[in-house]
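Engineer: Have a look at this one before I ask anything.
The values are calculated or read from the model by the stated rules, or taken from the named source; none is laboratory data. Remember, predicted model here, so these are calculated numbers, not experimental data. Neighbour counts are summed over all protein chains in view; Cβ atoms, including those assigned to glycine, are modelled from backbone coordinates with ideal geometry. In case anyone asks, the SASA skips ligands and DNA or RNA and just uses the protein heavy atoms, side chains included. Shrake-Rupley method; radii C 1.70, N 1.55, O 1.52, S 1.80 Å.
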Amino acid sequence: MPSSQDVVVVGAGIVGAATAFELQRRGFCVTLVDRDEPGRGASYGNMASIAVTEFMPVSRPSTWARMPGWLLNPEGPIRVRPGYLPKLLPWFLRFIAAGRPSRLAALESAGAALCRRVYQDLLPMLEAADASHMLSTTGCLSLYADDAELKADEEHLGLLEQHGLPHESLGGPALRELEPSISPQIRHGVLFAQNRTLSDPYGLVLALTQGLRARGGKVERGEVSGFDLGVSGISGVRFADGRRVEASQVVLCAGAHTGRLSRMLGEPIPLETERGYHTQIMSPGIELHHALIWPAKAFMVSPTAGGIRVGGTVEMAGLEAPPDYRRARVLVRHAQRALPGLRVEQASEWMGHRPALPDTIPVIGRSQKVPGVYYATGHGHLGVTYSATTARIIADLATDREPPVDIAPYRVDRF
């Protein structure tokens, strides 16, 4: 029988690595497992942003009104591959249902509750992992080409005020004082001072896993093929190559792949993949001190990983379809409109799978079917942002402590 201190964390992205790290700090014997090397999934290519202002649920009437135009525009922020549409339909119907006005206030509050305490959990985690130097001291600038674009973002800015998240409006000249490379065609900006940037998000995953190993934790590579269940709940994790790891508790943090694992336990989750793209530019020809968002174009630019990263977009095409790097090139063209001096030299392209739930907020909490199983998945665009708080919640549950936020909104059986 496994010891009561034996925990297996499945998924070695930022959420899984943070959770394993925190569980070990609480005294558990932790094994972190992944089908790939740690940090090589969505965490490898995310936009490196601690985006505490970006919790607004995607599904809402204002989104529905714009969606037909987005889908018909080949360079729009959302693309659904036609062959994938029939499989996507059940998820999409849940997505529409999540945006009902009667649901929005609750979903907004659930996202804001996590965002308001991000730094209470993130800063201690970074310090414990000797990674405090990875967090910038500058914020993020949101860009608007004209009055109409700024007005279109009023709903978002009003929501931030409602939930006590500060921001500062800037005119074009003040914007360019902060970032001289921004085009004069950008007439307005908003500074989100709390949205800070990681110098290397992949490096943070490595720092957490190295810290785990240094304190006696294990990191295993393998495809999870099943779970062993005993009278009192979970007792082990099985791999496709025949190996088995004993565990009295298991945390499922496998991002977009968590749906396959949850179905093995009879607990299906409506989890989709939002395929995101980035271009990492190592010789950009400009210097950038803040991350940039252009809401009307749905992309972001971050100074990270030794260069400048341009990323964003949403493509719904499942886990198996090959990348379409034209999506990444569209984003670069948009970025060059905002940053006319941006050169695309020594550049590489990447595609990753964000784990997307129809109502935007993640699943964090206990399984409702199998004792000893926990879920930490579906963080969408906010995996880095929510990682330390998710780790804190799971570790509190595993040690029978009261989490710092009400976790009822994030339960696995809410759909």
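Engineer: Those residues that are assigned to a strand (DSSP E or B) and touching a Pro at 6+ places or on another chain (Cβ under 8 Å), I need them from segment 193-228; list them, please.
Structural biologist: Within segment 193-228, Thr197, Val219 qualify.
Results for (1) closer than 29 Å to Thr197 by Cα; (2) assigned to a helix (DSSP H, G or I), shown as yes or no for each residue.
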site	(1), (2)
Trp70	yes, yes
Glu75	yes, no
Leu88	no, yes
Phe92	no, yes
Leu107	yes, yes
Leu122	yes, yes
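Engineer: I'd like the residue in segment 377-415 that is of a type outside the set (Ser, Thr, Tyr), in contact with a Gly (Cβ under 7 Å, 6 or more places away or on another chain) and within 27 Å of Arg275 (Cα to Cα) and, out of all such residues, is most open to solvent (accessible area, probe 1.4 Å).
Structural biologist: Checked segment 377-415; the qualifying residue most open to solvent (accessible area, probe 1.4 Å) is Arg411.
Engineer: Would you confirm whether or not segment 178-185 contains a residue that is open to solvent by less than 10 Å² (accessible area, probe 1.4 Å), farther than 17 Å from Ile14 by Cβ and of a type in the set (Gly, Ala, Ser)?
Structural biologist: Scanning segment 178-185 turns up at least one residue that is open to solvent by less than 10 Å² (accessible area, probe 1.4 Å), farther than 17 Å from Ile14 by Cβ and of a type in the set (Gly, Ala, Ser).
Engineer: Sticking with this structure for a sec: Identify, from the list Pro340, Pro323, Pro303, the residue that is open to solvent by 30 Å² or more (accessible area, probe 1.4 Å), outside any strand (DSSP E or B), within 23 Å of Leu191 (Cα to Cα) and touching a residue at least 40 places away in the same chain (Cβ under 8 Å).
Structural biologist: Being open to solvent by 30 Å² or more (accessible area, probe 1.4 Å), outside any strand (DSSP E or B), within 23 Å of Leu191 (Cα to Cα) and touching a residue at least 40 places away in the same chain (Cβ under 8 Å) holds for just one of Pro340, Pro323, Pro303, which is Pro340.
Engineer: Still on this structure, please answer the following. Just wondering, is there one or more residues in segment 68-77 that are under 20 Å from the mean Cα position of the chain (by Cα), modelled with pLDDT under 95 and not aromatic (Phe, Trp, Tyr)?
Structural biologist: The answer is yes; a qualifying residue exists.
Engineer: Do you know which residues across segment 90-122 are open to solvent by 80 Å² or more (accessible area, probe 1.4 Å), out of contact with any Pro (no Cβ under 9 Å at 6 or more places or on another chain) and at pLDDT 95 or above?
Structural biologist: Within segment 90-122, Arg116 is the sole residue that qualifies.
Engineer: So, one more: Would it be correct to say that Val237 is more than 23 Å from the chain's Cα centre (by Cα), at pLDDT 95 or above and part of a strand (DSSP E or B)?
Structural biologist: yes
Engineer: Part of a helix (DSSP H, G or I) and open to solvent by less than 30 Å² (accessible area, probe 1.4 Å) - does that describe any residue in segment 132-139?
Structural biologist: yes
Engineer: Let me ask something additional. Any idea how many residues of segment 186-195 are surrounded by fewer than 23 Cβ atoms within 10 Å (Cβ to Cβ) and either under 18 Å from the mean Cα position of the chain (by Cα) or at pLDDT below 95 (or both)?
Structural biologist: Result for segment 186-195: 1.
Engineer: Within segment 395-415, which residues are assigned to a loop (DSSP other than H, G, I, E, B) and among the aromatic types (Phe, Trp, Tyr)?
Structural biologist: Phe415
Engineer: Determine which single condition Gln24 fails, assuming it passes every other condition in (1) open to solvent by 30 Å² or more (accessible area, probe 1.4 Å); (2) touching a Gly at 6+ places or on another chain (Cβ under 8 Å); (3) in a helix (DSSP H, G or I).
Structural biologist: (1)
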